[in-house]
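Taking it in order: structure first as C-alpha cells, then the write-up.
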Amino acid sequence: MAGTTDTTETPSTTAGVTGTASGEVLLRVRDLEVTFTTEQGPVVAARNVSFDVLAGQTVAIVGESGSGKTTVATAVLGLLPGNGRVTAGSVEISGRDVVGLSRAELQRMRGRVLGLVPQDPMTNLNPVATVGSQVVETLEGTGVARGRGAKERARDLLVEVGLSDAESRMGSYPHEFSGGMRQRALIAMGLAGSPALLVADEPTSALDVTVQRVILDKLADLTTSRGTSVLLITHDLGLAAERASHLLVMYRGELVEHGSAREILRDPQHEYTKRLLAAAPSLASRRIQIARSTGQLDAVADDLLAPTEVTEVGEVGEAVGTEAAPVIRASHLRKVFPGARRGLRRRPDVVAVDDVSFDLPRGQTLGIVGESGSGKSTVARMVLDLLPPTSGSVELDGLTVGARSQAEEVAFRRRVQPIFQDPYSSLDPLFTIARTIEEPLRAHGVGSVTQRRARVRELLEQVALPEDVLRRYPSELSGGQRQRVAIARALALNPDVVVCDEAVSALDVVVQAQILHLLAELQSQLDLSYLFISHDLAVVRQIADQVVVMEKGAVVEQGRTDDVFDAPQQPYTQALLAAIPGANLDLAIS
Amino acid sequence: MLIVRRLAQLVPTLIGLTILLFFWVRALPGGPAVALLGERATPEAVADINRLYGFDRPLLEQYFTYVGRLLQGDFGTSIRTRRPVLEEFIDRFPATLELSLAALLFAVVVAIPLGYVAARRRGTIVDHTSVVVSLIGVTVPVFFLAFILKYVFAVKLGWFATTGRASVDINATNPTNLYVLDGLLTGELDASWDAILHLVLPAIALGSIPLAIIARMTRASVMEVQGADYVRTARAKGLRPGRLRNRVILRNAMLPVATTIGLQVGLLLSGAVLTETVFSFPGIGSFLYQAISSSDYPVLQGFILAIAIVYALVNLLVDISYGLIDPRMRARS
C-alpha cells in the first residue's frame with residue numbers, strides 16, 4: 001500500500017502548517033525495509049515505505065507503538081540498534097544514499113545534515129555532564145565552533161530555545177532541570193549543527209500539555225526561521241495534523257496512507273486511519289456514558305479494532321445527578337511533605353495538596369485532572385490510604401479512613417482497589433497471569449482453591465481476555481492486555497471503589513478507547529465508583545461524570561464534566577483546554 | 001558534613017566489633033589463660049595468669065578495661081614477639097598497603113579496558129575470552145596462582161624476586177615505609193626498581209580476583225549504558241567516537257564499577273594473608289598467618305580491629321568519591 005509522495009505537490013494552507021517548502025526534495029525514502037534479528041528469527045519492522053520530505057517542509061509519521069514509525073526514523077538517521085538492518089530500499093539525503101555509508105561517514109553527517117530531538121527528555125541527556133557542556137560538545141563535534149566561541153554559541157542557543165537564565169543554567173546538571181527545560185536543551189542540541197533535516201521523535205509526549213504547546217511552538221519557530229525540514233514522529237493524530245503539512249500513517253510496519261493533513265482528516269481512506277480518527281479522544285468526542293445511556297454505544301464500539309462484548313447495558317443515565325450519599329468523601333485534604341535537610345538547614349516544606357474536598361457519588365466517576373506536580377496522585381494515594389493526610393479526612397461510606405485496627409484496614413483494602421498507570425511495572429514479572437489475578441483472593445483468604453480458580457476465569461471473561469493468557473507471564477502480553485489483567489486483579493475482591501491513577505495513559509489511543517469502554521461497561525454491571533486520575537483532559541471528558549481540576553495542590557475548578565469543559569470559569573482550566581493539540585481539529589476540517 | 005556523619009556512623013560498628021572480639025577471646029576453650037599458657041598448664045599457673053590479666057574480674061569490668069586501653073592506643077602485647085600489637089601493625093601495614101595498591105592498580109588497569117572491549121564486541125572471541133579469563137580469575141585459589149607465578153617467573157625464568165620486599169644488598173632509607181615511593185622521594189631509584197620487582201608477582205596474584213570481578217562489572221555496566229537513550233542521542237549529535245566513549249559511555253558506566261572497586265579492598269586485605277605467606281612478604285598478612293599458627297590471640301584481636309577500621313575508612317573514601325563522579329549523589333547528600 002506504499003505510495004510515492006507527489007513531489008510537485010505544494011503544501012496547502014491548512015491550519016497549523018509550518019515551514020515553507022521550496023519544492024526541492026531533501027529526503028527521499030524508497031521501498032525501505034528494516035529487519036530486526038531476534039531470538040525468534042528475523043522480524044520485519046517496516047516494509048515498503050516510500051516518501052519524500054521537501055526542503056523546509058514538516059512531515060509527520062503517525063502510528064501507534066509497534067507501527068514502525070520510530071524504526072523508520074532511526075533508519076533515516078542511521079541509528080538502528082545493533083540487531084536492526086536496512087534490508088531493502090534506499091534513504092537518500094540531498095541525493096546521497098545514506099544506507100551503505102560507513103560509521104565515520106555517517107558520524108560526519110550527524111548533527112550537520114541530520115539532527116535528532118529525541119522522545120524522552122528524562123533519559124536522553126547524559127546524567128553526569130552539565131547541560132552547557134553537552135551543548136558545547138555538540139557544537140565542537142559538528143565543527144560549528146570551538147573553545148570560547150562554542151561556549152558563547154551554546155549560551156545563545158539556550159537563550160534561543162527559551163531557557164530562562166541560560167548563563168547560569170549552563171553549569172547545571174540534567175537532574176536539576178524540569179522536563180520542559182530538558183526538552184529545550186535537547187532542541188538546542190538538535191539544532192546546534194543547523195541540520196537540514198531534523199527528526200523529532202515524539203518530542204513532547206512526556207510533557208504536560210501546556211508545556212507541550214510552548215515547546216512545539218518554539219520548535220516550529222526555530223525550524224521555520226532556519227528553513228529546516230522536520231520529520232515529526234508522533235502517536236497523536238491531532239498533534240500531527242496541527243503541526244505538519246503532510247501526514248504519513250503507519251500501521252504494522254507499513255505506510256497505509258499519506259497525504260496532506262487536511263485531506264486525511266477530512267476523508268481518511270484506510271480502515272486503520274478511520275479507526276485512529278474515531279478513537280482519538282478529542283474534546284468533541286461523545287461521552288461514553290452518555291452514548292451508552294442513549295443507546296448509541298454500539299456505534300461507538302463499532303469503531304474499535306476489537307470491541308469488547310457488551311453483555312448488559314445498565315440504566316446509568318438515571319443515576320446521574322442523584323443526591324445519594326457519596327461513597328467517598330474527601331474533606332479539606334492537606335498533605336505537607338517536610339523539606340529535605342541540607343546540612344544544618346532545612347528546605348521549606350512542600351505543600352503537595354492544599355484543602356482539597358470532593359464527593360464521589362456511588363456508581364459514578366469523578367475525574368481529577370491536572371499537570372505533573374498538581375498533587376492529583378497524592379490525592380489518589382491518600383484516598384487509597386497509602387499516605388496519611390496531614391490534615392483533613394477521607395470517608396468511606398461515612399466512616400473515616402485511617403487510624404483503624406488491622407481488621408478494619410483489611411476490610412478497607414477489599415472495598416477500595418487501585419489500578420496504576422504502568423501495566424509494565426505494576427504486575428509482578430514472576431507471577432503467571434492466573435497467580436496475579438488470584439493474589440488478592442489468596443491474600444484475603446477468599447474461597448477454596450477451586451472457587452478461586454472459577455473466580456479468576458469469571459474475571460478474565462469480564463475483562464474480555466482469552467483463557468489461554470492464564471498460564472502466561474506479563475512480559476508475554478501487550479500493554480492493553482496487561483492493563484486488562486490489572487483491572488481483573490482490582491475487581492477480584494468485588495470492590496466498591498476503584499482508584500485509576502493514569503490507568504490508560506501508557507496505552508495507544510485505540511487500546512485506550514477499548515479500556516475506557518471496558519471500564520464504563522464494568523461500572524454499569526458492577527455498580528462501581530471510579531476515582532479517575534489523569535493528565536489527559538480528553539480522556540477525562542470521555543469517562544467522568546464530575547471533574548476536579550487541580551493546579552499546584554489546590555482545586556481550581558470542579559463541577560459536572562460538561563459544565564467544566566464547555567464553559568470553564570477559571571483561566572487555568574481555559575489554558576489547559578486550549579493547549580490540547582488538535583482541540584480545533586474539527587474547525588480545521590470544517 | 002557527609003564525612004562527619006559517616007564517621008559518626010562508624011562508632012556503633014566499632015563498638016559492636018569490640019564486643020565481638022572481647023567475647024571471642026573469653027569464649028576460647030579453657031579461657032584466655034589456657035590459650036596463653038598452652039593446654040598442659042597447671043591450675044595454679046592459670047589462676048596466676050587470670051589474676052595478673054584481670055580475667056577473674058566481672059565480664060563488664062573487663063570489657064570496659066579493654067575498651068579503655070584501646071582508646072589509649074593499647075592494643076595489647078604479642079605473645080610471640082613480646083612487642084605491642086599496635087607497633088607490630090604500624091611496622092607491617094605499609095608493606096600490605098603498598099601491595100594492595102599495586103594489586104588494585106593492576107586489577108583496575110587491566111579490568112576496565114578488558115570489560116569495555118568485551119561489552120563493545122559482545123559475542124565475539126574477545127568477549128568470550130574475557131569471560132573465561134574472569135572465571136579463571138575468580139575460581140583459581142589465590143595461593144595456587146601465587147605458587148605458579150612464583151615458580152614460573154621467579155624461580156625458572158628469574159625475572160622477578162621470589163620472596164620479601166627488598167633484596168638484601170639494597171640499603172635504602174625508608175621515610176614512609178612504602179618502598180617504591182621512598183626510592184622516588186630519596187632519589188634512590190635502584191631501590192624503587194628493586195621494590196617493584198618484588199611487588200609484581202604478589203600484586204598479580206592478589207589482584208586476580210578483583211580483576212575478574214571488576215572486569216565483569218565493567219562489561220555489564222558498559223553493556224547497559226551503551227543501550228541508554230542518551231548514548232543514542234549523543235551519537236545523533238555527531239560526537240566523535242573517542243569523546244562518545246570517554247565522556248558518555250565510560251563515565252556513566254564507571255558509577256557502579258566504583259562501588260565494586262571499593263568493595264574489593266576488603267578482599268585484598270583478606271587475600272593478603274595467603275599471598276604474603278607464599279611470597280614471604282613482610283606485611284600484616286604473613287604476620288597474621290604466623291599469629292594464627294601460634295595462637296597469638298592479642299595480635300589477632302588487635303589486627304582484626306585495625307583492619308576493620310582501615311576497611312571502614314576506605315569505604316568512606318569510596319562514598320565520598322562517588323559524590324565526585326555522580327552529580328546526582330551530590331544533590332542528595
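Computed from the coordinates by the stated procedures, all read-outs in this text should not be read as laboratory data. Remember, predicted model here, so these are calculated numbers, not experimental data. Please note: Cβ atoms are built from the backbone with ideal geometry, for glycine as well, and neighbour counts cover all protein chains shown.
Taking the simple approach of a point 7 Å from Cα along Cα-to-Cβ for both B:Thr173 and B:Arg120, what is their distance in nm?
Label-label distance for B:Thr173 and B:Arg120, simple model: 4.7 nm.
May I ask you to list the aspartates and glutamates whose Cα is less than 18 Å away from that of A:Lys151, ignoring any residue fewer than eight positions away on the same chain?
Here the aspartates and glutamates satisfying the reach criterion relative to A:Lys151 are A:Glu137, A:Glu140, A:Glu160, A:Asp165, A:Glu167.
Set the Förster radius R0 to 56 Å, insert the Cβ-Cβ distance between B:Arg69 and B:Ala220 as r into 1/(1 + (r/R0)^6), and round the FRET efficiency to 0.05.
The value I calculate is 0.75.
Going by Cα centres, region B:1-66 and region B:181-240 are how many Å apart?
41 Å
Based on the mean of other Cβ atoms within 10 Å per residue, sort peptides A:223-234, B:16-27 so the most packed one is first.
Top of the packing list down: A:223-234, B:16-27.
I need the semi-axes of the equivalent ellipsoid of region B:203-333: take the C-alpha gyration tensor, multiply each eigenvalue by 5, square-root it, list largest first in whole angstrom.
Here the semi-axes work out to 40, 17, 9 Å.
What translational diffusion coefficient, in µm²/s and rounded to a whole number, does the Stokes-Einstein relation yield for region A:361-461 at 4 °C and a viscosity of 1.567 mPa s, taking the hydrodynamic radius as the Kirkwood radius over Cα pairs?
Details: Rh = 16.1 Å.
Using the Kirkwood radius from Cα pairs, D works out to 80 µm²/s.
Would you tell me the mean number of C-beta atoms belonging to other protein chains that fall within 10 Å of each C-beta in A:240-246, as a whole number?
Counting Cβ atoms of other protein chains within 10 Å of each residue's Cβ and averaging gives 0.
Shape of region A:431-569 from its Cα gyration tensor (a ≥ b ≥ c, root eigenvalues): rounded if a/c is under 1.5, otherwise prolate when a/b > b/c, or oblate?
Values: a/c = 2.50, a/b = 1.96, b/c = 1.27.
The shape class here is prolate.
Are there any chymotrypsin sites (Phe, Trp or Tyr not before Pro) in region B:149-253 that are in a DSSP loop and have at most 14 other Cβ atoms within 10 Å? List them by number. Walk me through the intermediate numbers first.
Numbers: sites: B:Tyr151, B:Phe153, B:Trp159, B:Phe160, B:Tyr179, B:Trp193, B:Tyr230; in loops: B:Trp159, B:Phe160.
Taking region B:149-253 and a limit of 14 other Cβ atoms within 10 Å, the loop chymotrypsin sites (Phe, Trp or Tyr not before Pro) found are B:Trp159.
DSSP loop (so not H, G, I, E, B), at most 12 other Cβ within 10 Å: list which GluC sites (Glu not before Pro) in region B:1-98 pass both filters.
Hits after loop and neighbour filter: B:Glu39.
For a quick protection proxy, order the peptides A:380-390, B:204-214 by their average other-Cβ count within 10 Å, most packed first.
For the peptides A:380-390, B:204-214, the packing ranking is B:204-214, A:380-390.
Determine the gain in length on full extension of the stretch B:Tyr322-B:Phe23; use 0.36 nm per residue of separation and subtract their C-alpha separation, reporting nm with one decimal.
104.0 nm
Looking only at other chains, what is the average number of their beta-carbon atoms within 10 angstrom of each beta-carbon in B:319-326?
Mean inter-chain Cβ contacts per residue within 10 Å come to 1.
For region A:126-194, what class follows from the C-alpha gyration tensor (a ≥ b ≥ c being the square roots of its eigenvalues): rounded when a/c is under 1.5, otherwise prolate if a/b is larger than b/c, else oblate?
prolate
Which value in deg cm²/dmol, rounded to the nearest 500, describes the helix-derived mean residue ellipticity at 222 nm for chain B, given -39,500 (n - 2.57) per DSSP H run of n ≥ 4 and division by the residue count?
-24500 deg cm²/dmol
Hey, what do the phi angles of region A:175-185 turn into as Karplus ³J(HN,Hα) couplings, whole Hz, using 6.51/-1.76/1.60 and θ = phi - 60°, x for Gly and Pro?
Here the 3J(HN,Hα) series is 5, 8, 9, 7, x, x, 5, 4, 5, 4, 4 Hz.
Holding the Cα-Cα limit at 22 Å, pick out from A:Lys69/A:Lys376; A:Lys335/A:Lys376; A:Lys274/A:Lys376; A:Lys218/B:Lys237 the pairs that are longer than that. Spell out each step's value before the answer.
Working: A:Lys69/A:Lys376 32 Å; A:Lys335/A:Lys376 11 Å; A:Lys274/A:Lys376 34 Å; A:Lys218/B:Lys237 20 Å.
Beyond 22 Å: A:Lys69/A:Lys376; A:Lys274/A:Lys376.
If contacts are Cα pairs under 8 angstrom and at least 6 residues apart, what is the relative contact order of chain B in percent?
RCO, chain B: 24 percent.
Mind listing the phi-derived Karplus ³J(HN,Hα) values for region B:67-73, rounded to whole Hz, using 6.51, -1.76 and 1.60 with θ = phi - 60°, and x for any glycine or proline?
Result, rounded to whole Hz: 5, x, 5, 4, 5, 8, x.
Percent relative contact order of region A:126-194, based on C-alpha pairs within less than 8 angstrom and at least six residues apart?
Across region A:126-194, relative contact order equals 46 percent.
For the protein assembly as shown, how big is the tail of P(r) above 44 Å, as a whole percent of Cα pairs?
In whole percent, the long-distance tail amounts to 49.
If you plug each phi of region B:146-162 into the Karplus form 6.51 cos²θ - 1.76 cosθ + 1.60 with θ = phi - 60°, what whole-Hz ³J(HN,Hα) values come out, in order, with x for Gly and Pro?
So the J values, rounded to whole Hz, are 4, 4, 4, 4, 4, 5, 6, 8, 9, 6, 6, 8, x, 6, 10, 6, 8.
Contour minus end-to-end for A:Gln570 and A:Arg85, with contour as 0.36 nm per residue of separation and end-to-end as the Cα-Cα distance?
Value of the extension gain: 169.4 nm.
In percent, how large is the relative contact order of chain A, given Cα pairs closer than 8 Å and 6 or more residues apart?
Values: 1190 pairs, mean separation 89.6, N = 590.
15 percent.
Expressed as an acute angle from 0 to 90° and rounded to the nearest 10, what is the orientation of the C-alpha long axis of helix A:449-462 relative to the principal long axis of chain A?
Between helix and principal axis, roughly 50 degrees.
At q = 0.20, 0.21 Å⁻¹, what base-10 log of I(q)/I(0) does the Debye formula yield for region B:1-105 when every alpha carbon is treated as an equal point scatterer in vacuo?
-1.19, -1.24
If you average the C-alpha positions of region A:148-189 and of region B:128-149 separately, how far apart do those two centres end up, in angstrom?
Rounded to whole Å, the Cα centres lie 49 Å apart.
Could you list B:Met217, A:Met109, A:Met122 in order of exposure, starting from the residue whose Cβ has the fewest other Cβ atoms within 10 Å? If you can, show how the numbers build up before the last one.
Working: B:Met217 24, A:Met109 20, A:Met122 16.
Least to most surrounded, the residues fall as A:Met122, A:Met109, B:Met217.
When Lys and Arg each count +1 and Asp and Glu each count -1, what net charge do the other residues less than 12 Å away from A:Arg329, Cβ to Cβ, add up to? Please list the in-between numbers first.
Values: positive: A:Arg362; negative: A:Asp359, A:Glu395, A:Asp397.
Net of charged neighbours comes to -2.
Over the whole of A:123-131, what's the average partner chain Cβ count within 10 Å per residue? Rounded to a whole number, please.
Averaged over the peptide's residues, the number is 6.
Roughly how tilted is helix B:251-278, in degrees to the nearest 10 and between 0 and 90, from the longest Cα axis of chain B?
Roughly 40 degrees between the two axes.
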